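Read through the structure below, which is laid out as structure tokens, and then see the notes.
The values are calculated or read from the model by the stated rules, or taken from the named source; none is laboratory data. Treat the numbers as computed from the prediction; the structure is a model and nothing was measured. Quick reminder, even Gly has a Cβ in these numbers, built from the backbone with ideal geometry, and neighbours come from all protein chains shown. Protein only, heavy atoms only, side chains kept; ligands, DNA and RNA dropped before computing areas. Shrake-Rupley method; radii C 1.70, N 1.55, O 1.52, S 1.80 Å.
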Amino acid sequence: NSFFENFWGTEEIEDKSEECEFYLNFLEHNERLKAEILNYDFQEDHNKKYTVYNIKVVTDYFTYTIQRRFSLFEKLRNKLKYKHKELNLNSVNFPAKTLSFFFNNDIETIEKRKIMLNDFL
């Protein structure tokens, strides 16, 4: 599986380094894909808490919902900036990563990030 396929796919991602390729395939084949962050949830893994965004994905053929962490949005943006410079993603506001040793569950920050990520999508 490719990075993009996994990002938009319904299966759990194992190799996150390749996930963006699916998006590139959509762009290169002029397939339509629309995505919108509906809301978010808090999860915990090995005593580490984090936020996941619930994303509704609509293609020409199907609709489904996936959950993705902020770090995958960063990887997607970096891959797109590298492979598709014509998208001029530097002009799109993208939320900064917050460095914190503690779980950041500040609802206001998460809501602002959600809005900016939706603009990016």
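Here are the numbers for this structure:
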read-out: Additional length obtainable on full extension of the chain from residue 64 to residue 47, 0.36 nm per residue less Cα span; value: 3.2 nm
read-out: Solvent-accessible surface (1.4 angstrom probe) belonging to residue 109, in square angstrom, nearest 10; value: 50
read-out: Solvent-accessible surface (1.4 angstrom probe) belonging to residue 74, in square angstrom, nearest 10; value: 50
read-out: Positive minus negative residues near residue 95 (Lys, Arg vs Asp, Glu; Cβ under 12 Å); value: +2
read-out: Solvent-accessible surface (1.4 angstrom probe) belonging to residue 114, in square angstrom, nearest 10; value: 40
read-out: Total formal charge among the other residues, if their Cβ is under 14 angstrom from that of residue 116, Lys/Arg +1 and Asp/Glu -1; value: 0
read-out: Net charge, residue 37 excluded, C-beta distance under 15 Å - Lys, Arg +1, Asp, Glu -1; value: +3
read-out: Efficiency of FRET between residue 84 and residue 112 - r from beta-carbon atoms, R0 22 angstrom, step 0.05; value: 0.25
